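Q: First the structure, which I've put down as structure tokens, then a few questions once you've had a look.
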Amino acid sequence: MKQLFGGLLLGVGILIMTCSGLCSLIVVFMGFSEAMRDPSIVMLPLLVGGIPFAIGFGLFWGGRALLRQDARERAVLHPPEPPVDGAN
């Protein structure tokens, strides 16, 4: 169950980060000519797009942590068997 939930968090986080990052990038480039006159305009899309990006990064990080925790728990519960050597 941790794998499923971790994978969902990871996927949703990546989608949110991608969408908000691309949207912010497009808005910054479209307003580039205006930003040459007033550089403070660049901060508005970065602030507005940065909040969803941070939320997406948090979901991504949480999903990755769940997946790693599940992998560690599986390794402790089911240690790998030693290799069977045909010479013995």
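Q: Could you identify the single residue in LEU67, LEU15 that is surrounded by 12 or more Cβ atoms within 10 Å (Cβ to Cβ) and touching a residue at least 60 places away in the same chain (Cβ under 8 Å)?
A: LEU67
Q: When you go through (1) of a type in the set (S, T, N, Q); (2) within 13 Å of GLY7 (Cα to Cα); (3) modelled with pLDDT under 85 one by one for GLN69, which number turns out not to apply?
A: (3)
Q: May I ask you to list the residues in the range 23-50 that are part of a helix (DSSP H, G or I) and either modelled with pLDDT of 90 or more or of a type in the set (D, E, K, R) (or both)?
A: Result: GLU34, ARG37.
Q: Return the only residue of ILE55, ILE51, ILE41 being of a type in the set (A, V, I, L, M), surrounded by 15 or more Cβ atoms within 10 Å (Cβ to Cβ) and more than 12 Å from the chain's Cα centre (by Cα).
A: ILE41
The values are calculated or read from the model by the stated rules, or taken from the named source; none is laboratory data. Given the structure is predicted, the values throughout are model-derived calculations rather than measurements. So basically every Cβ, Gly included, is an ideal-geometry build from the backbone, and we count neighbours across all protein chains shown.
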